[in-house]
Amino acid sequence: MDLPCLPPIADTRPPKIPSPAGACDTHFHIFGPVAKFPFAEKRSYTPDDAPLENLLKLLDTLGMARGVVVQGHPYGTDNSVVLDALKREPRRLRAAAIVKPDTGRDELKKMADAGVRALRFHHMPHGVGFSPLGMQSFEKLSPIMAELALHAQFMMDANALDSAMPFFRNWKLPIVLDHMGNVDATKGANQPGVQQMCRLLGEGRIWVKVSGAYRVSTQYPDYPDARAIHEALVRANPDQVLWGTDWPHPRLEQDMPEDGHLLDLFNAWTPDEALRRKILVDNPQKLYRFD
C-alpha cells in the first residue's frame with residue numbers, strides 16, 4: 001500500500017508565548033528532496049518533500065534552538081537523509097535511526113558519533129509503516145545500545161505495555177514512548193495504558209513524548225480530549241517528559257495541524273513556566289546530550 005499524504009502547512013506562525021532559550025523539538029521527520037534521497041520501494045505512504053531547509057525555517061519560527069530528527073518509515077533502514085542533516089547541522093540536531101537487526105557495533109558507533117542518540121522500534125497491534133525493528137530486535141540490539149549510550153524510542157500503543165514488559169526486564173537503557181503512547185484520547189486518562197505510563201514515569205523507568213495530540217485525538221484543531229492525558233503524564237514525572245511537533249505530520253489525509261498552534265496547545269496545557277522550560281530545554285539536553 002502506498003498512500004499519499006497531505007503536505008504540511010507552509011507558513012507556520014510563531015507561538016503566542018516565546019519559547020525559552022535552548023528549546024528543543026524532539027520529534028520531526030525530514031523527507032527529500034526525493035531526487036537526492038529516494039524512498040524505499042517497500043513503504044506504506046509517500047510524503048511530499050519536507051527537506052532540511054524547510055525544517056530549519058520551522059524551528060526558527062517556533063523558537064526551537066535544537067531538534068531531533070526521527071527516521072521516517074518511507075526510508076526503511078536507509079538513514080542517509082538523517083545522517084546528512086546531522087552533518088550539516090551538527091550542533092543543532094540529534095537523531096533517532098532505524099537499522100537492520102543485525103547491525104554491528106562499529107556501524108552503530110559511527111552513527112552515535114555523528115549524533116544519533118536513539119534507535120526506533122515498533123510494538124503496535126496494527127501496522128503504521130515499514131519497520132524491521134520489533135521487540136525481538138530490541139532484545140538483540142539493546143546490549144550494544146546501552147554500551148554506546150543509545151536509548152530506545154518506541155512507537156507503541158501503551159495499552160500493550162504489559163506484553164512488552166518481559167523485553168524491558170533488564171532496563172539498562174532509557175525507553176521513550178512517542179505520541180503519548182498512541183492511546184485513544186476518547187477513553188480518557190484512566191484507561192490502563194495511560195495509568196501504566198504514569199506508573200512507569202513515576203518510577204523513572206520510561207520517558208514519554210507529549211507529541212502528536214492529533215494522533216490520539218480526532219477533535220481537530222484543539223484536541224480537548226487529549227489534554228487530560230497530557231496533564232496526567234506531566235504530573236506523573238515532569239523530569240522525563242519531552243515535546244515535539246511530529247512535523248511534517250505524515251499519514252494525514254485531512255485536518256492538517258498548524259505547528260504554531262500545536263505549540264500554543266502545549267503552552268496552554270502546561271501553564272507553569274518552569275515546567276515548560278524543563279520539558280522544552282532541560283529534559284532534551286539530558287537525554288540527547290547537545291553540546
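What follows is calculated from the coordinates using simple rules that are stated; it is not laboratory data. Owing to the predicted nature of the structure, the values given are computational and were not obtained by experimental measurement. Using ideal geometry, Cβ is built from the backbone for each residue, glycine included, and neighbour counts are taken over all protein chains shown.
At-a-glance table
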read-out: Potential extension, A10-E139 segment - 0.36 nm per residue separation minus Cα distance; value: 42.4 nm
read-out: Length added when fully stretched, E53-T218, from 0.36 nm per residue minus Cα-Cα; value: 56.4 nm
read-out: Set of lysines near K209 by C-alpha distance (under 30 Å), chain-local residues within fewer than 8 positions excluded; value: K16, K42, K57, K87, K100, K109, K110, K140, K172, K187, K278, K286
read-out: Positive-end extreme of charge dipole, the chain - chosen from N54, T12, H151 (charges on Cβ); value: H151
read-out: Alpha-carbon spread of the range 145-291, three principal axes, descending order, Å; value: 41, 37, 28
read-out: Packing rank of 177-188, 7-18, where each peptide gets the mean count of other beta carbons within 10 Å, highest leading; value: 177-188, 7-18
read-out: Gaussian network model of the chain, springs between alpha carbon atoms under 10 Å - residue of A95, A274, A158 with greatest fluctuation; value: A274
read-out: Under 13 Å, Cβ to Cβ, from A10 - net charge with Lys/Arg +1 and Asp/Glu -1; value: -4
read-out: Cα-based shape type of the chain, given that a ≥ b ≥ c are square roots of the gyration tensor eigenvalues and the cut on a/c is 1.5; value: rounded
read-out: Stretchable slack from Q195 to L275, in nm (0.36 nm times residue separation minus alpha-carbon distance); value: 26.7 nm
read-out: Formal net charge of residues neighbouring R289 (Cβ-Cβ distance under 9 Å; K, R +1; D, E -1); value: +2
read-out: Inter-label distance for D255 and K36, nm, one decimal - labels placed 7 Å from Cα along Cα-to-Cβ; value: 3.5
read-out: Cα centroid of the range 184-237 to Cα centroid of the range 264-288, whole Å; value: 15
read-out: Radius 10 Å from Cβ of L201, net charge of other residues (Lys, Arg +1; Asp, Glu -1); value: +1
